[in-house]
Amino acid sequence: MIETFIVTENTGRLDKVIADALPDYSRSQVKDWIDHELVTVNGMVKKAKYQAKTGEEIVVTIPAPVEVDIQPEDIPLDIVYEDADLLVVNKPQGMVVHPAAGHESGTLVNALMFHTPLSTINGEFRPGIVHRIDKDTSGLLMVAKNDKAHEALSAQLKEKKNLRLYYALVHGEFKENEGTIKAPIGRSNADRKKQAVIKGGRDAVTHFKVMKRYVGYTLLEVRLETGRTHQIRVHMAYIGHPVAGDPLYGPKKSVSATGQYLHAATLGLTQPTTGEDLTFEAPLPANFEKFLSELEPYAEIEK
């Protein structure tokens with residue numbers, strides 16, 4: 001896979017600039033690509049310490065993932081829809097989407113491989129996975145069974161043709177009823193494990209609408225226009241309303257939870273073969289519903 005981008009305001013060391021632009025990859029991975037001459041700047045190979053400048057074109061040839069021995073596992077799946085090309089799964093909170101260090105088994109991919117053949121575009125590491133949601137986020141995601149469907153579904157995501165609605169319970173009480181957050185996201189300079197709103201980050205747009213107000217909390221319907229890593233969590237924290245239960249971006253003294261109260265509730269897509277527009281919904285998980293029932297509704301006082 002080849003990634004090409006132009007350096008904007010986010011200049012500096014080449015390895016850092018690339019890691020910020022491609023947040024799904026670590027800086028050590030990027031440095032390894034540079035060392036193996038898989039990166040060019042304006043057509044020339046450079047060192048990791050090279051100071052990238054505004055306007056320069058960077059081309060990164062991302063090598064195919066190293067094959068790993070992923071074992072199919074008979075894990076129950078909540079399949080919302082399935083046909084010859086794809087399936088839509090309602091992922092439970094706490095399940096990792098694909099194997100990684102520390103999570104070699106028990107993932108959604110392990111379960112999917114037991115159930116059906118998957119596309120090979122992402123190699124052995126992430127077969128079938130068109131898009132991801134965080135481990136502690138529940139809800140809908142689409143999975144491709146073959147490469148043709150994978151390419152079509154990926155194109156829909158890139159062209160922003162998918163409907164992706166989330167329910168998010170966030171800290172604080174909103175005065176406005178709806179709004180849009182436009183703030184670029186990249187890897188945090190302060191903590192490499194986090195994403196952050198940074199100058200020179202990738203464009204990120206999140207739309208939100210208040211569904212219900214509680215004392216100290218607000219339930220939002222959130223629509224993603226872009227799909228950056230941790231986008232909803234980062235944007236909500238950025239405007240001072242972090243997702244309740246978020247262990248990474250929320251307050252240290254947060255609600256007790258198995259994970260953040262964030263649920264991918266609605267997913268719309270176009271069936272790659274028939275062209276039919278499909279929309280799917282998944283109800284809030286039981287622990288989310290239970291916590292909402294325990295909150296005190298916010299009573300607006302007439303002036």
Checked against the positive end of the charge dipole of the chain (+1 on Cβ of Lys and Arg, -1 on Cβ of Asp and Glu, about the Cα centre), the farthest of T137, G250, A168 is G250
Based solely on C-alpha atoms, express the radius of gyration and the Dmax of the stretch 1-79 in angstrom. 16.1, 51
Can you sort D20, D83, D35 so the residue with the fewest Cβ neighbours within 10 Å comes first? D35, D83, D20
If you place +1 on the Cβ of every Lys and Arg and -1 on the Cβ of every Asp and Glu, how big does the dipole about the Cα centre of the chain come out, in debye to the nearest 20? 1360 debye
Between the alpha carbon centres of the stretch 211-254 and the stretch 1-78 the gap in Å comes to 28 Å
Under 14 Å, Cβ to Cβ, from G200 - net charge with Lys/Arg +1 and Asp/Glu -1: +3
The chain: proportion of alpha-carbon pairs further apart than 26 angstrom, %: 51 percent
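Quote the FRET efficiency, to the nearest 0.05, computed for E9 versus E176 with a Förster distance R0 of 30 Å and r equal to the Cβ-Cβ distance.
Calculated transfer efficiency: 0.55.
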Over the chain, calculate the relative contact order: mean separation of alpha carbon pairs under 8 Å at least 6 apart, over the residue count, as a percent. 15 percent
Among D85, D74, rank each residue by its count of other Cβ atoms within 10 Å, from fewest to most, as a rough exposure measure. D74, D85
Which is farthest toward the positive dipole end of the stretch 2-61 among A48, T61, V7, measuring Cα position about the Cα centre, with Cβ charges +1 (Lys, Arg) and -1 (Asp, Glu)? A48
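At a Förster distance of 25 Å, what's the computed FRET efficiency of I79 paired with T279, Cβ-Cβ distance as r, to 0.05?
0.95
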Each label sits 7 Å from Cα toward the beta-carbon; between L163 and I62 the label points are separated, in nm, by 2.9 nm
For a quick protection proxy, order the peptides 135-148, 108-121 by their average other-Cβ count within 10 Å, most packed first. 135-148, 108-121
Cα-based reach from K182 at 21 Å (exclusive), listing lysines while leaving out same-chain residues under 8 positions away: K158, K160, K161, K194, K199, K209
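Can you give me the convex hull volume of the Cα atoms of the stretch 173-248, divided per residue and expressed in Å³?
Per residue, the Cα convex hull of the stretch 173-248 comes to 88 Å³.
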Using modelled amide H (1.01 Å from N, peptide plane; none on Pro or chain starts), what sits under 5 Å from the amide H of D136, excluding residues fewer than 5 places away? G94
Efficiency by 1/(1 + (r/R0)^6): what FRET value for K47 and A155, r their Cβ-Cβ distance, R0 = 45 Å, to the nearest 0.05? 0.80
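No value in this document is a laboratory result; all are computed from the given coordinates. What you see is a predicted model, and the numbers here were worked out from it, not measured in a lab. Here the Cβ is made from the backbone with ideal geometry for all residues, glycine too, and neighbour counts use every protein chain on show.
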